[in-house]
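Right, one structure below, let's go through it.
The values are calculated or read from the model by the stated rules, or taken from the named source; none is laboratory data. These numbers come from a predicted model, not from an experiment. Cβ placement follows ideal geometry from the backbone for every residue including glycine, while neighbour counts extend to all protein chains displayed. For accessibility, only protein heavy atoms count, side chains too; no ligands or nucleic acids. Shrake-Rupley method; radii C 1.70, N 1.55, O 1.52, S 1.80 Å.
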Amino acid sequence: MLFSTTKSILLKNGASRDIPSLVSRLGGTKTLIVTDNGILNFGLLDSCLQAFKEEKKGGEVVIFSDVTPDPTEDNVSKAVEVAMAEGCDAVVGFGGGSSMDVAKVVAHLCHGDVSKNTVVGDYQGMYGVEQIGNARLPLIQVPTTAGTGSEVTPISILTNAAKLKQGIVSSTLLPDFAVLDGSLTVTVPATTTAHTGVDAMVHAIEAYTCRTKKNPLSDLLSLEALRILSGNIRTAVKNGANEDARGQMLYGSMLAGMAFANSPVGGVHALAYPLGGMFGVPHGMSCSLMLPPVMRYNSTETKCAEMYGGLGEVIFPELKEDLRGVGGERAANLVVENVEEMIEELGLPSKLSDFGVKETDLEMMASEAMKQTRLLPNNPRDISGGNAVGIYSSIL
């Protein structure tokens, strides 16, 4: 078993003010902060930028704020151009998974040993597992949503010109520091808090049931992540100003990220990706839509049904006796029913038609899902194109 994760983690309210000193420790003198315009407009960067000015550590700052949801290869290329033109020697990803995913690739491509031998914009050879070298600039990741866990994963998901999501997976992309500051997430809207929180739960569920690389450390992290996330998601959604719940959601998301970075996600994510690429559905929302039907599909596998029953005792401790009383597929289905109720309670949609998906789209969606060859083998039950159409149809 090989288990890898981020080298150092800083978890406290106000931690974003420590970023300049962390950059300085890493030898950075001019930092590119990769973010999006929403982060700038909400003022989430203000405290960090003020710290750069006041403490006179970490040197100069350059901001790239043009990251889009489901970031594209072009997003990365533009950020690289800015970093190279400005002579940046450190990178901070500050935002949701999109900003952090872009920051990872920028830090790699801007390293001198890479930039002199790489044509910016030529990404095809980078996709897959360990297809890039081990050089990168110092990298710090700062999540402002609790969901992706990107701050502790060696994965960057980009959308190519054909609107297909592809992953660059390499230990090179693990950052030097993950900075978790719960105060940065208190202004996240309730709906975003809900679907990113469910996304984090999906990471833990799929890591625990992974067919290919399931391991004891990821199992422990998944269980603890689900205990924390399920215990705080309702409070974080209903009372966003609760910094304790917000911090716990960040912590749980990070644990889930550690888990799935080493025991990869499967069918939920594979079938969710076409919703983002074809219909612009936010990633967390796509995962919350696909979680119940994929779980129900997987529940016919005896071993997976048993695992779902065990996870249900963690997510819904009040059901422990009921789950142990029925066991097997019946227990798994009871867990799925309660997952559906939780998603409804959080105010999230449950039908593909809510996003303009029509029955005539399902074949194409299934075809796109089948291209996720990195993810599908991890699912506890084989999913064919026909199976995918059936799963989509069940929530149309």
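Between SER8 and LEU217, residue separation times 0.36 nm minus the direct Cα-Cα distance comes to 73.5 nm. Beyond 29 Å between alpha-carbons counts as too far, so tell me which of LYS213/LYS320; LYS7/LYS238; LYS53/LYS104; LYS7/LYS165 fall in that bin. Violating the 29 Å limit, Cα to Cα: LYS7/LYS238. Of the solvent-accessible surface of the chain, computed with a 1.4 Å probe and all protein chains present, 50% belongs to carbon and sulfur. The distance separating the Cα centre of the stretch 27-94 from that of the stretch 344-396 comes to 35 Å. Here the chain is assigned +1 on the Cβ of each Lys and Arg and -1 on the Cβ of each Asp and Glu. Its dipole about the Cα centre then comes out at about 640 debye. The residues of the chain have, on average, 39 Å² of accessible surface per residue, using a 1.4 Å probe with all protein chains present. Around the Cα centre of the stretch 89-183, unit charges on the Cβ atoms of Lys, Arg, Asp and Glu (plus for the first two, minus for the last two) sum to a dipole of about 280 debye. Here are labelled values, (1) 220; (2) 181; (3) 118, and one is the computed volume of the Cα convex hull per residue in Å³ for what I pasted. Which one? Only one listed value fits the structure, namely (3).
Each peptide in 1-14, 258-271 gets a packing score, the mean of other Cβ atoms within 10 Å over its residues, and the list from highest to lowest is 258-271, 1-14. Taking Cα centre as origin and charging only the Cβ of basic (Lys, Arg, +1) and acidic (Asp, Glu, -1) residues, the dipole magnitude of the stretch 42-141 rounds to 260 debye. Put +1 on the Cβ of each Lys and Arg and -1 on the Cβ of each Asp and Glu in the stretch 1-150; which of VAL129, CYS48, GLY149 then has its Cα farthest toward the positive end of the dipole? Value computed over the given set: CYS48.
In the chain, Cα pairs under 8 Å separated by at least six residues give a relative contact order of 15 percent. According to the Cα-based calculation, Rg over Rh for the stretch 195-328 is 0.97, with Rh computed by the Kirkwood formula.
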